[in-house]
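Data first, discussion second: the structure below is written as structure tokens.
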Amino acid sequence: MEFQFQFDWQAAIHSIPFLLKGIPYTLLISFGGLAIGFVLGIIFGLLSINKHWFLRWPATAYIEVFRGTPILVQVLFIFYGLPDLVGGPIDPLTAGIAAIALNSGAYISEVVRGGVQSIDKGQTEAGLSLGLSRTQTFWSIVWPQAFRRMIPPLGNQAIVSIKDTSLFSVIGVGELVRQGQVYIANTFTAFEVYFVVAILYLMITLSLSLILRLLERRGLTSV
Amino acid sequence: MSQIVKMQGMNKYFGKLHVLKDIDLTVEAGEVVVIIGASGSGKSTLIRCVNGLEPFESGKLEVDGHPLAPKGGNQKSLTEIRKEVGMVFQQFNLFPHLTVKKNIMLAPMKVKKTPQVVANGTAERLLQRVGIADQAKKYPSQLSGGQQQRVAIARALAMEPRLMLFDEPTSALDPEMIGEVLDVMRELAKEGMTMMVVTHEMGFAREVADRVIYIHEGQVVEEGKPEDVFDNPQNERTQSFLSRVLKH
């Protein structure tokens, strides 16, 4: 028996409108999660280099736990496990955003820590010697320089997190992969649909890469 | 004459290393004190104690009437002291993300809440004074080392300090740029600024200093007028140090 596979362009093209419905969810979970993750990253990243052990220690624990466990386990825990604790269901969208936030927050904490520590201590000394307080010195001298150095690794984390949202099909959020699975269940055109799904992810991540390149070229990422 | 800096029996350790040993030192208003000594002798640490960049373990320190407690003690006066004491670093430590002018305007605006127009005027005047008025809009990395150090001096002067600390201000400069920085410092001394200068520029020390202090292994070994210290050193350690640095 001879088997010949043919890429069904019709099927691929027809799947697009249905798949596109997943994009807003993918973007909402990624960027919503990343926005919260960035705030968490600043807070825990700075706490992790605080001189007081009682602030440093919990921050380090958070970072290690969320960096050291798979994001799939984290989201399953939030979606299926946490309701037992809070006594009510958590909707999949919230669970997805929370998982990206907590997970990216741990990685971004490390980016923040590295960025801040990379700034020469002479900068802090210069600020202090001029009479600025420690807080003023940090936010007007150290942070702006550290932030520029953080842009490339932050962009990297954004790309990782966008792709991580694909795992959330398991909790039934209607994001890109979930839409693909639903579509395939009716049409059995797995090859074509996953091909289109991959292309759509690539379009999102490539646009982001492009934006980051432009930022770098404008000198915003180097001091 | 009032005393700007008063140190009494000051001791400083880095871990077990005793870097400053029972330092007694006063600096009068308007005086230029140059501190010399081999590297590792504690001379930089000494001036870094004056504005609290290095805490000290014991002894007394008073800067322009504000007492500064040893490590662990009340450090409230630190803010006041730092407002009144300017510092110039070996590595310039300009803020690379700000233009030259913004480097100078930052502290007056943040610390003294000087209005922007006023701070702007002060910055322009100071840049004129250090001879680089045309570089105001550039970023530090676009300037030569000598120009950067002159900006650093202007930045410190913007706070109208009562005392200026110079921590080897020319040590990171190419030889042809040392002169322009020393010229600015010479002018400053002439205008009556109180200065503590750590330097290896013996010519500058001889010409500008009111008093030269030689430090060896954390102790003040010799102190006096430059002509006395350089031409007729009493301590043999000073003699051997000077014979080594003045030979070339």
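The values are calculated or read from the model by the stated rules, or taken from the named source; none is laboratory data. Because the structure is predicted, anything quoted here is derived from the model rather than measured. Neighbour counts are summed over all protein chains in view; Cβ atoms, including those assigned to glycine, are modelled from backbone coordinates with ideal geometry. All accessible areas refer to the heavy atoms of the entire protein, side chains included, with ligands and DNA or RNA removed. Shrake-Rupley method; radii C 1.70, N 1.55, O 1.52, S 1.80 Å.
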**Request:** Go through the stretch A:164-223 residue by residue and tally those that are open to solvent by less than 50 Å² (accessible area, probe 1.4 Å) and of a type in the set (D, E, K, R).
**Result:** 3
**Fill in**
The condition from (1) away from chain B (no Cβ under 14 Å); (2) surrounded by fewer than 21 Cβ atoms within 10 Å (Cβ to Cβ); (3) touching a residue at least 40 places away in the same chain (Cβ under 8 Å) that A:Val111 misses is numbered (2)
**Prompt:** Name the pairs whose Cβ atoms lie under 8 Å apart, with the first residue in the stretch B:12-29 and surrounded by fewer than 21 Cβ atoms within 10 Å (Cβ to Cβ), the second of a type in the set (Lys, Arg) and not in a strand (DSSP E or B), and 6 or more positions between them or separate chains?
**Reply:** B:Ala29/B:Arg162
**Asked** So is A:Arg213 touching a helix residue (DSSP H, G or I) at 6+ places or on another chain (Cβ under 7 Å), of a type outside the set (Asp, Glu) and part of a helix (DSSP H, G or I) or not?
**Response** no
**Item:** Output for the stretch B:165-186, where each listed residue is among the charged types (D, E, K, R) and outside any helix (DSSP H, G or I)
**Value:** B:Asp167, B:Glu168, B:Asp174
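Evaluate the following for B:Met109: is it within 14 Å of chain A (Cβ to nearest Cβ), within 21 Å of the chain's Cα centre (by Cα) and among the aliphatic types (A, V, I, L, M)? Explain how you work it out, then say what you get.
Values: within 14 Å of chain A (Cβ to nearest Cβ): yes; within 21 Å of the chain's Cα centre (by Cα): no; among the aliphatic types (A, V, I, L, M): yes.
So B:Met109 does not fit the description; no.
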**Asked** Does the stretch A:147-158 contain any residue that is within 13 Å of chain B (Cβ to nearest Cβ), at positive phi and buried (at least 19 other Cβ atoms within 10 Å of the Cβ)?
**Response** no
**Request:** Could you tell me whether A:Ala95 is open to solvent by less than 50 Å² (accessible area, probe 1.4 Å), at pLDDT below 95 and farther than 19 Å from A:Pro152 by Cα?
**Result:** no
**Request:** Determine, yes or no, whether A:Gly88 is surrounded by fewer than 13 Cβ atoms within 10 Å (Cβ to Cβ) and either outside any helix (DSSP H, G or I) or basic (Lys, Arg) (or both).
**Result:** yes
**Prompt:** Going through the stretch A:117-135 one residue at a time, which ones are at the interface with chain B (Cβ under 7 Å from one of its Cβ atoms) and in a helix (DSSP H, G or I)?
**Reply:** A:Gly122, A:Gln123, A:Glu125, A:Ala126, A:Leu128, A:Ser129
**Message:** Within the stretch B:198-207, does at least one residue satisfy the condition of being touching a residue at least 60 places away in the same chain (Cβ under 8 Å), outside any helix (DSSP H, G or I) and touching a Gly at 6+ places or on another chain (Cβ under 9 Å)?
**Reply:** yes
**Asked** Within the set of pairs 6 or more residues apart or between chains, which connect a residue that is within 16 Å of B:Ser2 (Cα to Cα) inside the stretch B:58-86 to a residue that is of a type in the set (Gly, Ala, Ser) and part of a helix (DSSP H, G or I) with Cβ atoms less than 7 Å apart?
**Response** B:His66/B:Ser77; B:Pro67/B:Ser77
